[in-house]
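Data block below; observations after.
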């Protein structure tokens with residue numbers, strides 16, 4: 001029996017509760033397929049569209065009606081973990097029930113520790129939420145001195161937040177405890193709620209977004225996973241992607257993957273962070289394998305029939 | 001060592017993230033006080049103001065901007081569990097760190113099963129969210145045939161939802177597993193996400209609100225708690241409340257409590273559901289004791305120095 005950490009993309013979950021439920025129900029067959037093969041799974045997920053919708057929605061309400069509170073990013077990430085976790089646990093449980101399998105599913109609300117002095121805090125580069133005019137941006141920044149808004153892709157101003165590297169999972173013991181007792185665990189949603197340790201050794205939330213692939217790699221490392229699956233829309237990592245000489249990769253070492261990344265084969269914000277997260281896991285845990293594969297073919301990827309395997 | 005289920009009121013958590021954090025930090029001393037006395041605790045909480053804010057906020061955004069999705073009550077309850085659970089686990093962990101105690105804290109996203117044929121579904125009586133005009137109410141009901149809106153307290157129309165009785169906790173094994181391994185567990189937030197079992201034996205969300213005191217009584221019963229604490233703003237249950245002959249009660253049997261409830265001593269929507277939930281627990285678990293007490297004096301209530309104890 002292998003222990004598999006599976007990272008699902010937030011974009012793969014759709015833009016409304018109805019879409020999300022449908023997509024999760026479709027994904028559940030693949031996920032439960034891995035359980036049927038005798039493995040144990042732990043699922044993490046992105047939350048880009050969802051947390052944007054929650055934060056922008058609630059802040060829009062606060063603009064229209066002063067009786068509504070404004071919500072910061074850590075609280076909105078916590079909400080997205082509840083929302084997505086609920087659909088995931090219900091969808092996976094539905095598939096388990098259909099297949100008459102007696103596993104349990106649990107979502108753990110997860111805080112992820114980042115370093116207070118992470119250089120990312122000095123230069124917030126990750127855009128979140130909707131677009132504002134220059135005037136609105138100035139007003140919002142005047143209201144909240146911690147808010148950074150920058151022009152983004154010529155379409156207006158957006159809030160920019162730091163994307164620091166994950167260093168530890170606050171709830172790792174809860175996750176391990178459930179995992180060791182044969183629960184399917186959903187954790188580190190949206191990369192985890194970003195927290196720093198203050199001078200008293202206590203955690204507090206920070207307005208940041210942790211890349212879900214890096215967070216999932218940290219999760220895979222901490223639970224000593226045998227496999228770290230990053231599931232995406234394509235079946236395999238490719239070089240010369242989208243060109244006539246595109247070449248799909250089936251397996252490569254971390255060193256080979258690093259060399260290809262340096263040559264610029266992987267798109268930043270898309271395949272590059274996935275490859276980097278896979279490399280990070282392969283290096284930290286030489287007995288494990290990182291696999292980048294499509295959601296649909298995840299059960300085939302474990303035997304190398306689909307996906308790209310990256311190992312130490 | 002006793003096992004104590006603690007129900008916190010949603011109103012006691014304030015109306016904004018800042019208020020909630022402050023109130024939870026204050027409550028953490030009492031909660032951790034029970035741990036210091038050698039007990040294990042499991043915390044449930046209400047979410048009335050919070051889920052109302054989330055659902056009304058997101059629906060207001062959807063009205064202003066059609067690119068925003070509308071969110072139903074089960075999804076909003078799931079969000080509130082993430083949001084409140086995050087603050088609770090962070091606040092309790094802060095107090096544990098201060099006192100150099102090595103316990104872990106985990107929030108479990110919890111679904112609560114209700115009966116599809118619960119009579120409450122035929123007559124939704126629980127108002128949620130904000131007020132609408134008669135015209136808005138008619139339009140909203142035309143859009144969504146499942147939506148029930150009724151005139152409420154002469155201030156306009158509000159959505160009315162069913163408040164069915166809890167019958168089982170879908171994630172009870174996850175909760176018990178963590179509890180048996182000395183974790184502080186936060187579960188059944190907002191009474192749990194209400195779900196029914198469909199014809200295939202699978203769970204699906206229903207637009208309802210489960211009373212958090214009844215949900216907590218069910219939780220206390222299922223984890224075989226020794227004590228079920230319902231924490232509120234007053235120190236003790238009283239008869240002739242607010243009158244010159246007010247009499248605070250220190251302990252009474254479930255039968256005595258039932259008789260007083262029948263005589264109309266407890267306000268519906270306020271002390272009555274708390275007393276009813278306490279009676280329900282005392283009857284289902286004769287070895288346990290239900291205690292209605294103030295948040296601040298919870299550590300004293302365990303020895304009978306504060307609070308009202310209801311036993312079989």
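Annotations for the structure displayed:
- The single condition among (1) surrounded by 15 or more Cβ atoms within 10 Å (Cβ to Cβ); (2) part of a loop (DSSP other than H, G, I, E, B) that residue A:100 does not meet is (1).
- Lone unmet requirement of (1) at the interface with another protein chain (Cβ under 9 Å from one of its Cβ atoms); (2) touching a helix residue (DSSP H, G or I) at 6+ places or on another chain (Cβ under 9 Å) for residue B:89: (2)
- Any hit, region A:35-54, residues being assigned to a helix (DSSP H, G or I) and facing another protein chain (nearest Cβ under 8 Å): yes
- Test result for residue B:124, under 19 Å from residue B:205 (Cβ atoms), in contact (Cβ under 8 Å) with a residue 24 or more places away in the chain and more than 8 Å from chain A (Cβ to nearest Cβ): yes
- Residues of region B:197-211 classified as away from every other protein chain (no Cβ under 12 Å) and out of contact with any strand residue (DSSP E or B) (no Cβ under 6 Å at 6 or more places or on another chain), total: 1
- Residue A:25 vs. criteria farther than 18 Å from residue B:85 by Cβ, in contact with a helix residue (DSSP H, G or I) (Cβ under 7 Å, 6 or more places away or on another chain) and within 13 Å of chain B (Cβ to nearest Cβ): yes
- The listed residue being surrounded by fewer than 20 Cβ atoms within 10 Å (Cβ to Cβ) and closer than 19 Å to residue A:169 by Cα, out of A:142, A:134, A:116, A:106: A:116
- Candidate set: region B:160-185, residues that are in contact with a helix residue (DSSP H, G or I) (Cβ under 8 Å, 6 or more places away or on another chain) and within 21 Å of residue B:123 (Cβ to Cβ); chosen: the one surrounded by the most Cβ atoms within 10 Å (Cβ to Cβ): B:164
- Filtered residue count, region A:174-188, keeping only those that are assigned to a helix (DSSP H, G or I), touching a residue at least 40 places away in the same chain (Cβ under 8 Å) and either closer than 19 Å to residue B:24 by Cα or at the interface with chain B (Cβ under 8 Å from one of its Cβ atoms) (or both): 2
- Pick from region A:55-69, criterion within 16 Å of residue B:17 (Cβ to Cβ) and more than 8 Å from chain B (Cβ to nearest Cβ), ranking: surrounded by the fewest Cβ atoms within 10 Å (Cβ to Cβ): A:66
- Matching residues, region B:92-105, being out of contact with any helix residue (DSSP H, G or I) (no Cβ under 7 Å at 6 or more places or on another chain) and either more than 7 Å from every other protein chain (Cβ to nearest Cβ) or more than 15 Å from residue B:184 (Cα to Cα) (or both): B:98, B:100, B:102
All of the numbers you see were taken from the coordinates with simple rules; none came from a lab. A quick note: this is a predicted structure, and the numbers were derived from the prediction, not measured. Counting neighbours? That spans all protein chains shown, and the Cβs are built from the backbone with ideal geometry, glycine included.
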